[in-house]
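Heads up, the thing below is written out as C-alpha cells.
Just so you know, all these numbers are worked out from the coordinates, no wet-lab data involved. Small disclaimer: the values here were computed from a predicted structure and weren't measured. Virtual Cβ from ideal backbone geometry, glycine too; neighbours counted across all protein chains shown.
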C-alpha cells in the first residue's frame, strides 16, 4: 500500500511523527506536509502565482510552504503523478475536528482534496491542543480503525472519513462509535491579543508564523480568534463532539458534494425553474 501523509500543524509536529509510525505497518509512507502551521485553512489553496518552496528532507519526508490541500495537490501532481497513492491520511491534528470545526479544518481540507481526486482519505485528530500531548490512545487504536475503514471503503465518489479521539488516558477510552457532524456554532470568538495565551498549549506565536511583538500601525487594535463551541440542543448522543466528550472515538463519513438533495427536490417542485 502506498500512503501519502500530510497535516495542518506542520511537518515538525509531534502528531504527524506519531502517525507515520502507526502507518508504516501498512505500507510505503510518503510525507508531504506544510512547512509552517496551517490550521483553519480548510481546502484553501496557495494560489495567486505565489512562489511555493518545496524541500526533500530525505527518507520519504517533504515539506511544502503551502496549505494542507496544496500539499495533497502537489503530491498528486508530482511524486504520485503517474500512480496515485492508495490512501491519504491527514493528521494527527492537535485539537478536535468534530462538529463545526470540521468546516474550517485544514486537516480535513487535505482529506477532502484527496477525495475530490478519487483517492480514499482519512483525517485523524485528538481533542487536545497541547503540542506535547499523549497520543498513546491513537497509537493503540487507530491502526485497527484504519484497517476496518479501508476494508469496507465505499465506492461512492467524494467520501472521506473524520476520526476524532477524546482527551482521556488510553485506558479510559470507552470504544469506537460511528456518528454524524454535530451542529453548533462558535461563540465569544475574539479577544484582545495576548502573546501568553498559548503557553498552556506549549505554543508560541512564532510557531503560528507570528511575532510575539507584532508591529501595529497607528489606530490598529490587535485581536485573536479563540472561541468556544456552543452545542445545539438538537444534537443527539451520536453527534461527533458529544461522542468524544463522553470518551468515545468518533468516526464520521464526510463528502465533498455539498448538495442538499432534499432541498433540491423542493426546488424542482417549486416555480424557480424558468425558460428564457
* To do: Name the most mobile residue of 98, 112, 81, meaning the one with the largest mean-square fluctuation, in a Gaussian network model of the chain with Cα contacts below 10 Å.
  => 81
* Starting from the Cα gyration tensor of the chain, take the square roots of the eigenvalues, sort them a ≥ b ≥ c, and report rounded, prolate or oblate (rounded when a/c is under 1.5, otherwise prolate if a/b is larger than b/c, else oblate). => rounded
* Efficiency by 1/(1 + (r/R0)^6): what FRET value for residue 47 and residue 104, r their Cβ-Cβ distance, R0 = 22 Å, to the nearest 0.05? -> 0.75
* Given Cα pairs under 8 Å that are at least 6 residues apart, what percent is the relative contact order of the chain? -> 19
* Listing 79, 3 from the residue with the fewest other Cβ atoms within 10 Å to the one with the most, what is the order? -> 79, 3
* Asked: Among 41, 150, what is the fewest-to-most ranking by other Cβ atoms within 10 Å?
  -> 150, 41
* Calculated [θ] (222 nm, deg cm²/dmol) that DSSP helices of n ≥ 4 give over the chain, each run adding -39,500 (n - 2.57) -> -6500 deg cm²/dmol
* How much length is gained if the chain between residue 172 and residue 197 is pulled fully straight, taking 0.36 nm per residue apart and subtracting their Cα-Cα distance, in nm to one decimal? -> 6.1 nm
* Set the Förster radius R0 to 41 Å, insert the Cβ-Cβ distance between residue 186 and residue 24 as r into 1/(1 + (r/R0)^6), and round the FRET efficiency to 0.05. => 0.65
* Rounded, prolate or oblate: which fits region 210-270, taking a ≥ b ≥ c as square roots of the Cα gyration tensor eigenvalues, rounded meaning a/c under 1.5, else prolate when a/b beats b/c? -> oblate
* Structure fact -> Using alpha carbon centers only, region 243-276 is separated from region 3-27 by a whole-angstrom value of 31
* Global form of region 129-276, assessed from the alpha-carbon gyration tensor, a/c cut-off 1.5 -> oblate
* **Gain upon complete extension [residue 232, residue 56; 0.36 nm per residue less C-alpha separation]** => 58.9 nm
* To do: Return the percentage of antiparallel bridges among DSSP beta bridges fully within the chain, rounded to the nearest 5 %.
  => 40
* Asked: Order of 127, 196, 65 from fewest to most other C-beta atoms within 10 Å?
  -> 196, 65, 127
